[in-house]
Every structure is written in structure tokens, then in C-alpha cells.
Amino acid sequence: MSRSEKTSSVERAFLIMEELASPQNMSGLKFTDIKERLQPREKIPNSTLSNLLRTLNRLGYVHFDERNKLHSLGLQLIKLGEMANRRVQEYGREDCVELLKRVIKETGRGAHIAVLDSGDALYLLREDAPGFFGPRIFPGRRQIPHFTAVGKALICCLDRARVEKILALHPSLKSTSNSITDLNELMLHLEEVGRAGYAIDNEEHEEGVRCVAAPIYSAPHNVIASIGVSARAADVPLKKLEEWGETVLKPAAQEAANTPRILNALKKYYSISNHS
């Protein structure tokens, strides 16, 4: 097997696990469902997909329910998750969580911190608002940056060439009718985000969901993370999101940048993830 073939197999294995990790697929997927969901990104022959699933099952990363013929994530991933979580704890998670809790107190909505990782907006931390049911966001979830508020805040200072590369990594159709996929339009929008100091996702990633986020800077024009909140569109009008952006998220981002323990923690996250 050539090196490129080995790399392709590894990538395909991770695509399978990421698909099984999607919230809507937590109960498991049948073989045909996995193939269908992977089809837009990767055309995998039946024999190859079958071999990959058997290998992942043997290693404990995928569980196969013989009775219902369903594939789901295996328990071996708990070990990896625990190790990653310990690393997060070492990097000052508690200080970041306290900041998120203050944002929750002011908005009544769940709050999160994200970084740019391999061209994705990767959620690092998430705190839910007590008694509030909102969009499903969890640490480790990846999103297309230019469809989300946290993502647009993360890329608002990137030059045109880097933004174009990120677009090329996600050559998908629009997530909703509001999604921005044109490079020129996106660059103008990101300029507005930079001027305003916060970004808004107006049902661009998911219909019925709105978000607002602010970039966290380690230096002028160097965004290392973003902090945001999400809400149901029916509950929060755009005017309220703009208000939160100006009076809650921008100050929270500034507090993060001015608090050494938080900034140092985010710099460590950034040093790990900044290979995009």
C-alpha cells in the first residue's frame, strides 16, 4: 500500500467517526446510511468501507450492534477524550469557564469559546444556561467558519488568500439560504465584522438559530479565539444580538485579552490548533 493510500484510509476512518459523532447519529447508523452520508465528501467502495468499519470495531473505536445492524462510536474513544480533557484542564479551563458563566448571566443563553483548527471553527469550551434548551453545541464540534458567528470572528483578520483556502476546504452547497459562499461577498462581510468587533450568524448555519461572537486578540490583527452565544431565532431578534455583541461579547473578549491567566490558556490552545 502506498503512502497516499494509507493517508486516504486514515482520513476515511476519521470521516466515519466524525459522521457517527454527529448529534443526529448518536443512536447509530447502518452501513448504507454511513455510505450515503459520506457520499458528498468521499466516494468509498463498499468493500473498503466494510474493511474500515471492521478495523475500527476491532480497535474499539466503533461499536457494531449485531441485532440492529447499527454502527456507533466505541468506548475506546472515552480514553482519548479523557486524555484530551486533562490537557484542557491544565491550560486554565476554570478561568475560561468563569468568563463564560458571566456571559451566560448577562444573556441567559449558553456560551462557548472556539478556535480555528485546520480550516474549521472548533468549539473548545461550552457552558449551557440553566434551564434553557438551545442549539446543540459541545466541545470538539467542528463547523464551517464562514457559516457561524464564532467562525467569522476567528477569520475576520485573515488575508484574502487564507480565506480563499478555507472556502476551498468547504466546497459544499449553502447550509441555508443566508449562507455566504462567495469570496468577494465574504471578504466585505469580514471587514464589517472587524470594524464592529463582533460577528452575527443570522440563520446562516442552521435555520431557526442565531448567534453572536467576538474575536479575542493576543495582539492587533491576531485573533487566537472567539467567544459567543447562541439562541433560537424566534426568541432573540437581530437587534438584541447586536446589543449583546456590543455590550456583552466585546467586553468579554477584551476581558479575556486583558486577563493573563485566560490569555495564556488561550495562547496554549492556539499553539495546538494553529496548523490550519
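Any read-out appearing in this document is the output of simple, stated calculations on the displayed coordinates, not a laboratory observation. Since the model is a prediction, treat every value here as computed from it, not as a measurement. All Cβ positions, glycine included, derive from the backbone under ideal geometry; neighbour counts span all protein chains shown.
By a straight-distance test (C-alpha under 27 Å), which lysines pair with K152 as possible cross-link partners, with residues fewer than eight away in the same chain excluded?
K101, K105, K165, K174, K239, K240, K250, K267, K268
For the chain, with the dipole built from +1 on Lys and Arg beta-carbon atoms and -1 on Asp and Glu ones, taken about the Cα centre, which of L73, I166, N178 lies farthest toward the positive end?
L73
Give me the extension gain from E94 to S177: residue separation times 0.36 nm, minus the current Cα-Cα distance, reported in nm with one decimal.
The span from E94 to S177 would gain 26.1 nm if fully extended.
Multiply the residue gap between S22 and H170 by 0.36 nm, knock off their C-alpha separation, and tell me the result in nm, one decimal place.
51.5 nm
Output wanted: per-residue J couplings in Hz (rounded whole) for region 94-110, from phi through Karplus 6.51 cos²θ - 1.76 cosθ + 1.60, θ = phi - 60°, x for Gly and Pro.
4, 5, 5, 5, 4, 5, 4, 5, 5, 5, 4, 4, 7, 10, x, 10, x
Short version: ³J(HN,Hα) in whole Hz for each residue of region 228-245, in order, from phi by Karplus 6.51 cos²θ - 1.76 cosθ + 1.60 (θ = phi - 60°), x for Gly and Pro, what are they?
Per residue, the Karplus-derived 3J(HN,Hα) values read x, 10, 10, 7, 6, 4, 5, 8, 10, x, 4, 4, 5, 4, 4, 5, 5, x Hz.
Counting other beta carbons within 10 Å of each residue's own, what order do E243, E206 fall into, fewest first?
Ascending Cβ contact count within 10 Å gives the list E243, E206.
Give the whole-number value, in cubic angstrom per residue, of the convex hull volume spanned by the C-alpha atoms of region 8-57.
Enclosed volume per residue, from the Cα hull, is 73 Å³.
If you average the sequence gap of Cα pairs under 8 Å that are 6 or more apart and divide by the length of the chain, what percent do you get for the contact order?
This gives 16 percent for the chain.
Give me the net charge for the shell around G119: Cβ to Cβ below 12 angstrom, other residues only, Lys and Arg +1, Asp and Glu -1.
So the surrounding residues net to 0.
Could you sort the peptides 59-68, 155-164 by per-residue average Cβ neighbour count (10 Å cutoff), highest mean leading?
Answer by packing, highest mean first, reads 155-164, 59-68.
Relative to the Cα centre, what is the charge dipole magnitude of the chain, using +1 at the beta carbon of each Lys and Arg, -1 at the beta carbon of each Asp and Glu, and rounding to the nearest 20 debye?
Result for the chain is approximately 860 debye, rounded to the nearest 20.
For region 86-273, treating each Cα as an identical point scatterer without solvent, what Debye log10 I(q)/I(0) comes out at q = 0.15, 0.20 1/Å?
The Debye formula, applied to the Cα set alone, gives -0.80, -1.49.
Please report the equivalent ellipsoid semi-axes of region 200-253, computed as sqrt(5 x eigenvalue) of the Cα gyration tensor, largest first, in whole Å.
With the √(5λ) rule applied to region 200-253, the semi-axes are 22, 12, 7 Å.
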